[in-house]
1. Report the trypsin sites (Lys or Arg not before Pro) located in the range 113-209 that are in a DSSP loop and have at most 11 other Cβ atoms inside 10 Å of their Cβ, or state none.
2. Given a 1.4 Å probe, how much area per residue of the chain is accessible, in Å²?
3. Projected onto the charge dipole of the chain (+1 at Lys/Arg Cβ, -1 at Asp/Glu Cβ, origin at the Cα centre), which of ALA508, SER148, VAL47 gives the Cα projection farthest towards the positive end?
4. Report the net charge of residues surrounding THR215, where surrounding means a beta-carbon distance below 10 angstrom and charges are Lys +1, Arg +1, Asp -1, Glu -1.
5. By the gyration tensor of its Cα atoms, with a ≥ b ≥ c the square roots of the eigenvalues, what is the shape of the range 402-547: rounded for a/c under 1.5, prolate for a/b over b/c, or oblate?
6. State the three equivalent ellipsoid semi-axes of the range 144-284, derived from the C-alpha gyration tensor as the square roots of 5 times its eigenvalues, in descending order and whole Å.
7. So what is the relative contact order of the range 314-465, in percent, for Cα pairs below 8 Å that sit 6 or more residues apart?
8. Please tell me which of these pairs span more than 25 angstrom C-alpha to C-alpha: LYS16/LYS177; LYS314/LYS349; LYS55/LYS120?
Amino acid sequence: MKYGFNFTYRLNGLTKHTSNPKNEDFTVESANDNGIFTLILRPEKRVEFINFEIKIPYTFDGGSRIFTNGYQSWTVTREYRPNEKMDEFEPRFLGIEKKNFNPRGIWGAGDLTFHDYPEKSGVFYGYSYGYIRNGDELLLLGSTDESSGYTIITFDCDGGFIRISKDFDGVIFNDDKKALSLAVIKGSYDLAFDKYFELMGIAKPKVSRQCGYTTWYNYYTGVTEKIVERDLNAISELDTKVDIFQIDDGYERTVGDWLEPDEKKFPKGMKVIADNIHRNGMKAGLWLAPFAVTPKSHIYKRHKDWLVRDKNGKAHFASHNWGGFYALDIYNNEVRAYIRKVFDTVLNKWGYDMVKLDFLYACCIIPIHNKSRGQIMCDAMDFLRECCGDKIILGCGVPLAPAFGKVDFCRIGADMGLNWKNSALAREDVSVQHTLMNTVFRRHLDGRAFLNDPDVFLLRDNNIKMPLSQRKIIARVNSLCGNLLFVSDDVSRYTEEQKKIFKETVTAPKADIINAEFTDRDNISIDYRLNGKTDNFTFNLKTGEEQ
């Protein structure tokens with residue numbers, strides 16, 4: 001593999017640039033072992049990198065497909081043609097200067113505060129892994145270790161190169177470090193991804209395909225104990241077995257005070273709910289955002305020293321949800337003790353079998369303690385698995401590579417909207433179109449990194465702005481490409497047709513996807529094998545029509 005270096009760094013207050021991997025300030029040594037290309041950084045002095053990258057010459061073919069993995073669970077992820085623009089199906093931020101981004105906006109969930117978005121066609125970037133596909137043959141480039149910092153892979157079709165860079169923002173290097181660990185794999189689609197996860201040493205998920213119910217996409221934070229009891233009774237009476245019943249956001253007093261249920265909405269407390277779910281033959285799931293606290297929370301008011309703070313000591317605002325929230329510093333011992341107590345209570349005392357852990361990106365919203373965002377996120381996922389033991393974790397709002405092998409299920413797309421054409425304000429915003437793209441194009445993670453959660457399918461007629469034909473498309477895509485199949489409906493209101501669609505969706509085995517791609521600007525075609533038969537499903541992403 002031919003490549004060149006490009007380094008920009010600070011040393012003693014001076015900014016310096018070099019393409020020489022061996023200089024008076026540091027040495028970068030390269031090695032290639034068993035298909036993994038590594039770079040070892042050996043600093044001679046205290047070095048802070050502004051840019052750390054290698055450039056690989058590459059001639060792109062006009063018929064190629066280029067895949068880039070979005071920053072976190074919700075971020076748009078798809079294949080592109082070499083002549084397309086990244087913003088073709090995404091909101092346009094062109095002309096908006098980074099300094100004018102509203103830190104209270106949805107951008108806090110993404111990378112636009114620390115990475116530049118390409119403004120021309122033919123340039124595509126993503127995180128941790130990406131590929132160039134010609135037919136079924138892939139050139140897959142994937143980081144096998146993000147603990148030094150996120151690996152950003154950029155494909156520049158016009159420039160004729162692939163750029164591999166590292167997010168070392170906030171880190172000063174003063175001792176030896178493995179800076180990059182990159183698998184370079186050529187082969188067919190499935191074999192390439194099999195090899196990638198084999199090289200990372202990640203075992204197959206222990207859980208199996210599951211179906212269930214979540215309160216969020218019907219009641220949102222308005223959920224109550226009475227609603228839960230009603231919907232639990234209804235779904236338990238279906239002739240289709242349901243595996244998990246999950247209580248989502250809205251049960252707690254406020255985000256951050258997880259051990260204090262809202263006494264008006266849940267007067268009996270959360271243990272009674274879990275016991276009732278178990279009596280109905282289902283696993284009990286509970287939603288938490290373990291690193292998030294709102295200013296209304298007791299945790300925020302009593303422990304401001306627990307918050308993530310910038311280099312000036314100011315608490316760093318995380319994002320706008322719930323009227324605005326802040327993040328907890330996972331390296332604070334008191335924070336870790338509190339989070340351990342939360343999980344011990346939820347899992348052991350209240351008796352929940354699964355936790356949906358959301359907004360996990362918040363812990364690495366900025367680099368802290370001389371650690372990169374990637375290292376913080378990797379450390380956080382190790383900590384969460386330690387806290388949860390062998391209980392089921394559904395990850396969400398998380399940069400995916402640090403979650404590989406650490407969660408059982410993981411959201412791989414944006415939140416499902418109630419309208420097919422809702423206008424997303426950012427690459428992480430609520431969107432039917434975004435989440436369907438991600439469900440199709442992140443299918444390779446299913447059964448390798450974890451089991452994919454494509455988010456809900458909704459069949460109800462009330463509180464929704466899509467015809468049944470569009471709701472059926474979502475259900476079919478989820479069933480074909482995902483392995484956690486949730487609804488948010490009061491199923492007592494289902495018609496016989498809706499009951500039939502629900503049963504077909506959740507009882508079908510996982511399909512073997514042969515190929516899936518955009519056949520033109522708007523249509524996604526999925527070739528698959530199911531129950532011994534080969535079939536195709538094509539739908540128009542823009543109009544929501546089956547083709």
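1. On the way: sites: LYS120, ARG133, ARG163, LYS166, LYS177, LYS178, LYS186, LYS195, LYS206, ARG209; in loops: LYS120, LYS206, ARG209.
Answer in residue order: LYS120, LYS206.
2. Averaged over the residues of the chain, the accessible area is 39 Å².
3. The listed residue farthest towards the positive side: VAL47.
4. Working: positive: none; negative: ASP231, ASP248, ASP249.
Value of the local net charge: -3.
5. Working: a/c = 1.21, a/b = 1.15, b/c = 1.05.
Note, shape of the range 402-547 comes out rounded.
6. Numbers: eigenvalues 403, 103, 46 Å².
Sorted largest first and rounded, they come to 45, 23, 15 Å.
7. On the way: 202 pairs, mean separation 25.6, N = 152.
Relative CO of the range 314-465 lands at 17 percent.
8. Working: LYS16/LYS177 20 Å; LYS314/LYS349 36 Å; LYS55/LYS120 19 Å.
Checking Cα-Cα distances, LYS314/LYS349 exceed 25 Å.
The values are calculated or read from the model by the stated rules, or taken from the named source; none is laboratory data. Bear in mind the structure is a predicted one, so any value in this text is a computation, not a measurement. Positions of Cβ are generated from backbone atoms using ideal geometry, with glycine treated the same way; all protein chains shown enter the neighbour counts. For accessibility, only protein heavy atoms count, side chains too; no ligands or nucleic acids. Shrake-Rupley method; radii C 1.70, N 1.55, O 1.52, S 1.80 Å.
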